[in-house]
């Protein structure tokens, strides 16, 4: 029988967490999992109504977190009880509390998406080994304002990327799908040069073309410098703000170009809700990987189906777990537990049906939980 209780867990996508030990209330615990509308004046106590609290506390992911924390604390599975116990444990030393959670879940690494410089002590909030993503978007916008031609922009961006990889960044994060309203197509440097002035002046289509041409250069650099480019896919932000197509199928016109055929691409967030589309790209292109983060832990109650869908088409050696964690260290702890629980159930079912051997099932679980990430990023 496959057993993942003691298996390490690598979080392929995380944001900064709060280990200050400051108390939180029930609203903050629940709203951390809401990617959607907030009450006008949110942040002011009077702006949060009991009806709003009831709404966010009824989300499946919040119920799962409350249950798992209640089991850990030995209290009732009620959000008020869990918050009280959580605050009592974090108050003495918030970092030590987070470290306990990480060690309990077997977290051995975090790929952190954060704008802080490499080595910034603010990222010492993570009680585990860090891997870093360099954010393409703010860098590109800053350089666009400072340069006078696409040639200069590309040269300075190239220099910056090389410097960041030398510093120790493991990859680059891009929102190319969210930032582009037009269909993706290959943009040659000459075309980007012709529309550079308009892009600098703020014309949307021109900006998109310059950005895409620069993104294509990133795809070339990944092959030369051996780093990964992490592309945001799916609707994991507030759907109210969604303005463009984040389906990973949109990347196919670039994938067809032989210049980019060996670029190291990671599709973040499993393209939720288009999970099958992400898995099919990972199946069809040897240079594409996928991360089930945000889907894990946000869709915790459906994680077995998600894992089954992905394992049915994507090569098992190119799938990773991430969390999309932010603010609360409980997110990664919870995600590790949910992932291991889902893998245990799904893979045992496949063994029972005679589709996988126990050895194959164990290997698949270990690949997703940590081995694939360590192999991709050169970890120990």
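The values are calculated or read from the model by the stated rules, or taken from the named source; none is laboratory data. If you're wondering where the values come from, they're calculated on a predicted model, not measured in any experiment. Glycine also receives a Cβ, built like all others from the backbone with ideal geometry; neighbour counts cover every protein chain displayed.
Worth pointing out:
- Condition met for residue 79 (crowded, with 18+ Cβ neighbours inside 10 Å, modelled with pLDDT of 95 or more and over 24 Å from the mean Cα position of the chain (by Cα)): yes
- Counting only strands (runs of 3 or more DSSP E) that sit wholly inside the range 248-356, those with at least 3 residues that are surrounded by 17 or more Cβ atoms within 10 Å (Cβ to Cβ) are 265-268, 288-291.
- Test: residue 214 is out of contact with any strand residue (DSSP E or B) (no Cβ under 7 Å at 6 or more places or on another chain), assigned to a helix (DSSP H, G or I), in the same structural domain as residue 167 (by TED's automatic domain parsing) and crowded, with 23+ Cβ neighbours inside 10 Å: yes
- Under the condition of being modelled with pLDDT of 95 or more and assigned to a loop (DSSP other than H, G, I, E, B), the residues counted in the range 227-247 number 1.
- Test: residue in the range 253-266 that is at pLDDT 95 or above, assigned by TED's automatic domain parsing to the domain that holds residue 372 and under 18 Å from residue 312 (Cβ atoms): no
- Within the range 169-210, helices (runs of 4 or more DSSP H) holding 2 or more residues that are without any contact (Cβ under 8 Å) to a residue 60 or more places away in the chain and either touching a helix residue (DSSP H, G or I) at 6+ places or on another chain (Cβ under 7 Å) or over 25 Å from residue 134 (Cβ atoms) (or both): 189-194, 196-200
- The residue pairs whose first member lies in the range 112-131 and is in contact (Cβ under 8 Å) with a residue 12 or more places away in the chain, whose second member is surrounded by 17 or more Cβ atoms within 10 Å (Cβ to Cβ) and in a loop (DSSP other than H, G, I, E, B), and whose beta carbons are closer than 6 Å, counting only pairs six or more residues apart or on different chains, are 125/19; 131/170.
- The listed residue being touching a helix residue (DSSP H, G or I) at 6+ places or on another chain (Cβ under 8 Å) and under 30 Å from residue 20 (Cβ atoms), out of 343, 311, 328: 328
- Per-region count, the range 298-340, residues touching a residue at least 24 places away in the same chain (Cβ under 8 Å) and farther than 30 Å from residue 25 by Cα: 16
- The listed residue being without any contact (Cβ under 8 Å) to a residue 40 or more places away in the chain and under 19 Å from residue 188 (Cα atoms), out of 159, 146, 152: 152
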